[in-house]
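Please read the structure below before turning to the comments.
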Amino acid sequence: METYWGDAVRPYRAVIGSDDTTIVNRPNRSNKRDVERVSRNESVTVLRTYYESSSRITWYLIRSSRGQEGWINSNRILEPSPR
């Protein structure tokens, strides 16, 4: 798992929105691979943020409810703001 991208944030809870989705090992197009499938409405912890300027996408490094870490497009997070 590549965790050096972006900025660390104070960890906070969020929820996966819309549909089931896959978290990946890195927020970059090259050498990206699937890590784990996360479910709609699953509670996750956001650990880092990374803005990919070429695609204009913000990525979150999350920890799933099963403890697996991976990157996800911020549009997949239902509650993206810290509480």
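A compact table of results
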item: Neighbours by Cβ (under 6 Å, 6+ apart or cross-chain): first from the stretch 41-53, among the small types (G, A, S); second in a loop (DSSP other than H, G, I, E, B); result: S43/S65
item: The stretch 2-54 - residue that is among the aromatic types (F, W, Y) and surrounded by 13 or more Cβ atoms within 10 Å (Cβ to Cβ) and, of those, farthest from N73 (Cα to Cα); result: Y12
item: Which listed residue is crowded, with 18+ Cβ neighbours inside 10 Å and β-branched (V, I, T), from I57, I72; result: I72
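One line per residue, one yes/no per condition, for (1) modelled with pLDDT under 90; (2) of a type in the set (D, E); (3) out of contact with any Phe, Trp or Tyr (no Cβ under 8 Å at 6 or more places or on another chain):
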residue: D7; (1), (2), (3): no, yes, no
residue: I16; (1), (2), (3): no, no, yes
residue: N25; (1), (2), (3): no, no, no
residue: R37; (1), (2), (3): no, no, yes
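The values are calculated or read from the model by the stated rules, or taken from the named source; none is laboratory data. Since the structure is predicted, the reported quantities are computational estimates derived from the model, not experimental observations. Using ideal geometry, Cβ is built from the backbone for each residue, glycine included, and neighbour counts are taken over all protein chains shown.
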